[in-house]
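Chemist: I have a structure I would like to understand better, so I am pasting it below and will then ask my questions one at a time.
Just so it is clear, none of the values below were taken in a lab; they were calculated from the coordinates. Given the structure is predicted, the values throughout are model-derived calculations rather than measurements. Methodologically, a virtual Cβ is constructed for each residue, glycine included, from the backbone with ideal geometry; neighbour enumeration extends over all protein chains shown.
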Amino acid sequence: MRKTLVLAAVLGLILAACADGDEASSDPTGTAWVLESGTLDGAAVPIVDGSPITLTFEEDAIAGTAACNSYFGSYTISGSEISFSGIGSTMMACSPDEVMESESKYLQALALVDAFTATEDSLTLTGNGVELVFAVDGA
């Protein structure tokens with residue numbers, strides 16, 4: 001009986017250690033992200049060479065570049081749920097038109113996000129008709 005209790009305690013510690021490691025690797029904060037691909041209502045969010053879409057989580061806010069303009073807002077995370085609010089941006093016009101389309105689609109998609117999955121080097125934001133896949137920003 002004592003061996004069983006010791007074994008159960010050891011297994012519990014191992015599982016707890018593994019869970020802590022998974023939780024730490026699923027935290028999207030503290031990392032700068034760059035959009036690799038995205039969809040909004042079944043259509044691709046255009047990504048224009050030379051006009052990256054980035055996302056950085058700060059203490060209680062997000063910031064980034066949406067192809068043309070800088071954007072900002074706040075976020076809340078609970079488990080694998082995430083929500084963004086108060087999203088605003090600067091108001092410059094950029095060319096070609098594809099850059100502005102990319103920005104518009106991305107910001108629309110970001111507003112619909114309600115869940116995430118993250119690993120050490122990737123972040124996927126999902127919501128109703130939305131998937132945004134980010135990689136660690138190596139810039």
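Chemist: Can you tell me which residue is surrounded by the most Cβ atoms within 10 Å (Cβ to Cβ) among those in the range 37-74 that are farther than 16 Å from D137 by Cα and acidic (D, E)?
Modeler: D41
Yes or no, residue by residue, for (1) of a type in the set (A, V, I, L, M, F, W, C); (2) more than 19 Å from T126 (Cα to Cα); (3) surrounded by 11 or more Cβ atoms within 10 Å (Cβ to Cβ):
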site	(1), (2), (3)
I77	yes, no, yes
P96	no, yes, no
E101	no, yes, yes
S104	no, no, yes
A109	yes, no, yes
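Chemist: Under 6 Å between Cβ atoms, at least 6 apart or on separate chains: pull out the pairs that start in the range 80-93 with a residue that is within 15 Å of L132 (Cα to Cα) and end on any residue that is of a type in the set (A, V, I, L, M) and surrounded by 15 or more Cβ atoms within 10 Å (Cβ to Cβ).
Modeler: Hits for this filter: F84/L110.
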